[in-house]
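Input: a single structure, listed below in structure tokens.
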Amino acid sequence: MTSHPSPDRRPSTAPLRGGTPQPPVLREMRWWDIAPVLELERELFPEDAWSAGMFWSELAHARGPFATRRYLVAELAGRIVGYGGLAAIEGTGDIQTIATARDQRGTGLGARLLSELLGAATDFECHEVLLEVRVDNTRAQRLYERFGFEPIGFRRGYYQPGNVDALVMRRTTETSSEAPSVQGT
């Protein structure tokens, strides 16, 4: 096992045909991603950013035969531009975190990350997936609604130190013939 990603796994910065830039590459989050993820975390969530210890703890459960976590990063030209994570326990998935760099908003990256995490929930045989989202983050709420999440309650003062409430949302597992289309997200 190598301690760093091999250079040949880095995404190319060459444009695709027609001059369209390549989208970020999604891959498994590894320990060497924690520092750049923390930079993005602090930029996006200055009041309630996760600590390095929180990410280390989550990644400790992300590998091996008894893994209960799936964490991803989105990398573009060697820069982490997004990340997300899912915990799965006893048939219930929980989106722990999902974020995209400000310059990646509106590109579909959040939908790609969420789609991959929902795929992981299926792999973990989850019958439902939960998440918390700030009540003032309507952009994220709309994304989750497009993927079939529905509000089920609130957690008062969940986000500290700002004392901001969280909207709790849930998506139950559906068969593929019942699942809503997420194309174009």
### Residues of the range 141-165 that turn out to be at pLDDT 95 or above and among the small types (Gly, Ala, Ser), as a count
2
### Summary
Output for Cβ contacts, cut-off 7 Å, separation at least six or different chains, first residue within 20 Å of Leu118 (Cα to Cα) and open to solvent by 80 Å² or more (accessible area, probe 1.4 Å) in the range 135-154, second charged (D, E, K, R) and assigned to a strand (DSSP E or B), reads Glu150/Arg170; Ile152/Arg170
### Query
Between a first residue in the range 104-127 that is closer than 12 Å to Leu26 by Cβ and at pLDDT 95 or above and a second residue that is buried (at least 20 other Cβ atoms within 10 Å of the Cβ) and basic (Lys, Arg), which pairs have beta carbons less than 7 Å apart while being 6 or more apart in sequence or on different chains?
Leu117/Arg70; Ala120/Arg70
## Note on the structure
From the option list Gly93, Gly157, single residue qualifying as surrounded by 21 or more Cβ atoms within 10 Å (Cβ to Cβ), in a strand (DSSP E or B) and not β-branched (Val, Ile, Thr) is Gly93
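Listed here are the residues, each with its yes/no results for (1) open to solvent by 30 Å² or more (accessible area, probe 1.4 Å); (2) on the phi < 0 side of the Ramachandran plot; (3) not aromatic (Phe, Trp, Tyr).
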site: Arg42; (1), (2), (3): yes, yes, yes
site: Phe45; (1), (2), (3): yes, yes, no
site: Gly64; (1), (2), (3): yes, no, yes
site: Thr68; (1), (2), (3): yes, yes, yes
site: Tyr71; (1), (2), (3): no, yes, no
site: Leu76; (1), (2), (3): yes, yes, yes
site: Leu109; (1), (2), (3): no, yes, yes
### Task
For the range 78-90, name all the residues that are touching a residue at least 12 places away in the same chain (Cβ under 8 Å) and either surrounded by fewer than 17 Cβ atoms within 10 Å (Cβ to Cβ) or over 18 Å from Arg134 (Cβ atoms) (or both).
Gly78, Arg79, Ile80, Val81, Leu86, Ala87, Ala88, Ile89
### Query
From the list Asp48, Asp33, which one is acidic (Asp, Glu) and modelled with pLDDT under 95?
Asp48
### Residue in the range 91-144 that is farthest from Val164 (Cα to Cα), counting only those that are polar (S, T, N, Q) and under 11 Å from the mean Cα position of the chain (by Cα)
Ser115
### Query
Inside the range 39-66, can you point out the residues that are part of a loop (DSSP other than H, G, I, E, B) and either in contact (Cβ under 8 Å) with a residue 24 or more places away in the chain or in contact with a helix residue (DSSP H, G or I) (Cβ under 9 Å, 6 or more places away or on another chain) (or both)?
Phe45, Glu47, Asp48, Ala49, Trp50, Ser51, His61, Ala62
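The values are calculated or read from the model by the stated rules, or taken from the named source; none is laboratory data. Predicted, not measured: the structure shown is a model, and the values here were computed from it. Cβ atoms come from the backbone with ideal geometry, glycine included; neighbour counts cover every protein chain shown. Heads up: the accessible areas ignore ligands, DNA and RNA and are worked out on the full protein's heavy atoms, side chains in. Shrake-Rupley method; radii C 1.70, N 1.55, O 1.52, S 1.80 Å.
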